[in-house]
1. Assuming R0 = 30 Å, what is the FRET efficiency of D316 and S123, from their Cβ-Cβ distance, to the nearest 0.05?
2. Mind listing the phi-derived Karplus ³J(HN,Hα) values for region 307-319, rounded to whole Hz, using 6.51, -1.76 and 1.60 with θ = phi - 60°, and x for any glycine or proline?
3. Compactness ratio of region 188-271: Cα Rg over 2.2 N^0.38 Å, N = residue count?
4. Averaged per residue, what accessible surface does region 148-218 expose to a 1.4 Å probe, in Å²?
5. Determine Rg/Rh for region 49-175; Rg is computed over alpha-carbon atoms and Rh is the Kirkwood hydrodynamic estimate from the same atoms.
6. Pairs of alpha-carbon atoms within less than 8 angstrom and 6+ residues apart define the contacts here; what relative contact order does region 73-195 have, in percent?
7. If you roll a 1.4 angstrom probe over the protein chains with everything in place, what fraction of the accessible area of the chain belongs to carbon and sulfur, to the nearest %?
8. Sort by residue number and name the cysteines in the chain that have no neighbouring cysteine Cβ under 4.7 Å.
Amino acid sequence: MAPFHSHLFLPLLLLLLFSLSSPSTSLPTSVCVIGSGIGGSSLSFFLQNQTAIPTSHLSIRVFERRGRIGGRTASVNLSGDLFKAGASIIHGKNLHAVRFAELLGLDRVEPDGADWLGIWDGSGFVFKTLKPPPDDSSAIWKWLYGVADALLLVKRYGLSLSTMQRFVKDLLDKFMLFYMEPEKRPVFKTVEEMLKWNGLYGLTQITLEEVLIGADLSSRLISELVTVITRINYGQSVAMSGLAGAVALAGSNADLWTVKGGNWLLAKGLLELTKPTLHLHEGIESISDKGDHYLLTSDKGKEYECDVTVVATPLDEVNITFVPPVSIPYRRMQHTYTTFIRGLLNPKYFGLSSIEDIPDLVGTIETPNVSFSSVSILKQYGERDFAYKIFSRSELDDTLLDQLFSVRRDTIRIDWPAYPHYKAPEKFAPFLLDERHLYYINTFESAASCIETSAVAAENVARLIICRLLQSSTEQNIKPLPTSQEILHSDL
């Protein structure tokens, strides 16, 4: 006879009592998610790990029209090396992404970047930071370099730099409210409600330029450094709406990281952890409300019945028919053209005599004389052999690239519908697209678009689904996320 383990009795008793006291309404048997990026994968995670109601009968399907998961967090292979083509940086205070990486055992590394910045106006460099000392320099020499570089920035932009840092800190402090305990946060049906709750909505209604002028930033800082940042991070000018622009500024912070092997591993790991049924190479063409369920028809001619349907991809450039139709504000996606090149920049293009004089990151200002937003070094193979990444608002043809580069061995071009084209005042589709269970995560992108905002929106939608299904309060049915150890123990 097997020995009786008394330490198991109490948990079993509590489980029995919980099952007797839980609401009679159970979670639906099927949730269909359209899109396998961070939004869709984190929704699957939150649904399975943030409800106090047993989810043993919950089945999740994830549909992905491409042959890979991860949405806009993809990587490209250039000459045998993988480089990030989509969302490439994560802030240290992006707590969902931090938690996901920890939970999945993913290594966090410094992003591909450059310490030597030059701002180019199409005819010359209006400003350069100091060229960093060699890696083997002494600690005191590196410290002196840092001080001198900071003084150079202050000389150029004055105390406006401190004002900008305070502005970004205030943004982060308000954003951190999204991580409060569930019982202290409402569940939101609209993006407007969500942003008004933590004081960020007003930034979506005016331009970044208006916000920064109101904060007393100098015109030189706005037209040069801030413009470089918004052009790199969002491919847009300071005329973009204020909240997205502020997120771009936060993305220039020193506290940045990326996942070793690519940020797409976050989505991959979350889907492997939650084990939904994954349909790759299968897009959804129509979603029909049948009263007690939704009927999804795929481009493979298959039909799926779903109790809950969640759209986790931008509706702006996919052709999904809704029956009955849904109404959402018009939104244009901003296409970012990313060009990867292995070769050597031509110093003469920049009016220089030597390749050593070209900064590692060349950012550009708003002027018709410039055809690209930025060009940066990703990797050095030899003295005259580099991997570069170029951002631009339109495709760069071979004629221009042959002027920009003296040597071009490999070239890869990617056209990304990367994020919305931001224009204040922003208008938002609701998270809930009908009166039942049709949800839209990517409406939040009209406020700002990055890995973390997708996860924040997905968590809210997961909480909204749970509360609407059970028609009861947040406190009853939403629980704090389990720790990594608790999830791993449950898997075992």
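The values are calculated or read from the model by the stated rules, or taken from the named source; none is laboratory data. Nothing here was measured: the structure is a model prediction, and the numbers come from that model. Please note: Cβ atoms are built from the backbone with ideal geometry, for glycine as well, and neighbour counts cover all protein chains shown. When the accessible area is computed, the model is the full protein with side chains, heavy atoms only, and any ligands, DNA or RNA have been set aside. Shrake-Rupley method; radii C 1.70, N 1.55, O 1.52, S 1.80 Å.
1. Details: r = 36 Å, r/R0 = 1.21.
For R0 = 30 Å, the calculated efficiency reads 0.25.
2. Values per residue, Gly and Pro as x: 6, 10, 10, 10, 8, 10, 8, x, 7, 6, 10, 10, 10 Hz.
3. Details: Rg = 15.5 Å, N = 84, 2.2 N^0.38 = 11.8 Å.
Normalised Rg, Cα atoms only: 1.31.
4. On the way: 3680 Å² over 71 residues.
Here the per-residue accessible area is 52 Å².
5. Values: Rg = 21.5 Å, Rh = 19.9 Å.
Result for region 49-175 is an Rg/Rh of 1.08.
6. Values: 61 pairs, mean separation 14.8, N = 123.
For region 73-195, the relative contact order is 12 percent.
7. Numbers: 12250 of 22700 Å².
The C+S portion of the solvent-accessible surface of the chain is 54 percent.
8. C450, C467
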